[in-house]
Structures are given as C-alpha cells and as structure tokens.
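The values are calculated or read from the model by the stated rules, or taken from the named source; none is laboratory data. All values reported here derive from a predicted model rather than from experimental measurement. No Cβ is skipped: glycine too gets one built from the backbone with ideal geometry, and neighbour counts run over all protein chains shown.
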Amino acid sequence: MGKDKRLDVEQTFSFSDTSRELRGRQSIRATFRLSTGCIDAISIVARQLGIKQKSLFDHLTEDEQSLEAIARAARNARLGRLDRIQKTFVISRRSLHSIESISKQFNAPRDALVEYSVKRLLPLIEMERKKHHRRKQMLSQLEAHLRATVTLGEKMENELGQEDPMSSWMRSLVHFCQNTVHQMQELVERGNVIESFDPESLGKLLEDESI
C-alpha cells in the first residue's frame, strides 16, 4: 500500500511539472513600442531561418544572464527619440514573464529589453545577408544552366522526334528543373528584404548608446 501511495505522489509531481511546462508555452499576445528596425529584424530572422516569431522570442529570453546584463545597462534609462510603432506579437507566456520580471527587477523599460535583445541578432543577420548574396549568384548560374538545358531539349525533339524516349525523359528533366529553380527564385525573392535592412535603424538608449 505504501509503495502504491509513493507512486501516486511521484505521478502527481510529474503531471504538475508537465502542467507548468505547458502553461509556460501557451501563446499570448504582448504589445511593445519598437523601432521599425527592430520589427524588421525580428521579421527578417524568423523568415530567413524558417521559424515562428514566437520561437525567436523564446530564444532571446531563455538566456536570462544576457537579458539581465541588458537590463542593468538600461536601468532607469529610456529609449532615445525615434519613430516607434506599437506592435503586437504572439509570444509564449514564459517569454513575457521573463521580460516583465527582469524589467521590474532592474527598473528597465520592457521595450528597451526587447530592442536590445534583438540587437544580439545583428551578427546573424549579417551572416544571412552574405548567404543571400551567394544564393543570388548561384541562382543566376542555375538559370543559365536551365536555359541551356531547355535549348538542348528542343534540339532533341527536333532531331529525334517528340516520341523518342530521350526526348520524353528530357521533357521530364526540364519540367523538374523549372519547378526547382522557380522555388529557388521565390526563396531569393523573399530574402531580398535583407539587402535593405539598416542596423542603425534599431533604437538607442538616450543615456547610453554603447550597449
């Protein structure tokens, strides 16, 4: 009987921990006033990495030491004068709790914590910018190869006939290549926004711009 009770207690604690974990992952809406550069950076990184913005917020807030370091630098500070947009994000309850608790603990504005947490993404954005440039170069080469493949396919049909097995296989190859290159073109098109991103468009603290 005692053993059964012990198992019941262990299961209760297990379910309780799971319940807290799930509540922490619940999606809620949170509104911040951020610079256009900050909003763009969040969108760019999420799009380039193929993740949800909620997951990005989770990543930024799970490193509490970095968040606290930002909060110490932003203690009693306010964001410099810059056009800001009120933006609502879907984030996890845990992320919002981390932002709000550290904000209160260090008397640092929530918006500043988000703004300067996002600044930590700038090296990643620069890396993605370089990758985007290489993608464009390689896509241009692929498009040239595709044009040559299409020309060869037309030559096969003219010389061997449309019903020849090689002509048929070549049509399939051309169709596959066209679809694949089209998907690559869409990927590059979606990433073009990273070319115009200006890191200086992120907000700065009025008292301290060195974070």
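Quick notes
- Leu113 falls short of the stated requirement of being without any contact (Cβ under 8 Å) to a residue 60 or more places away in the chain and not assigned by TED's automatic domain parsing to the domain that holds Arg29.
- Within the stretch 103-114, the residues that satisfy the criterion of being of a type outside the set (Ser, Thr, Tyr) and closer than 18 Å to Cys38 by Cβ are Ala108, Pro109, Arg110, Asp111, Ala112, Leu113, Val114.
- In this entry, Glu163 passes the filter for residues that are in a loop (DSSP other than H, G, I, E, B) and more than 27 Å from Arg47 (Cβ to Cβ).
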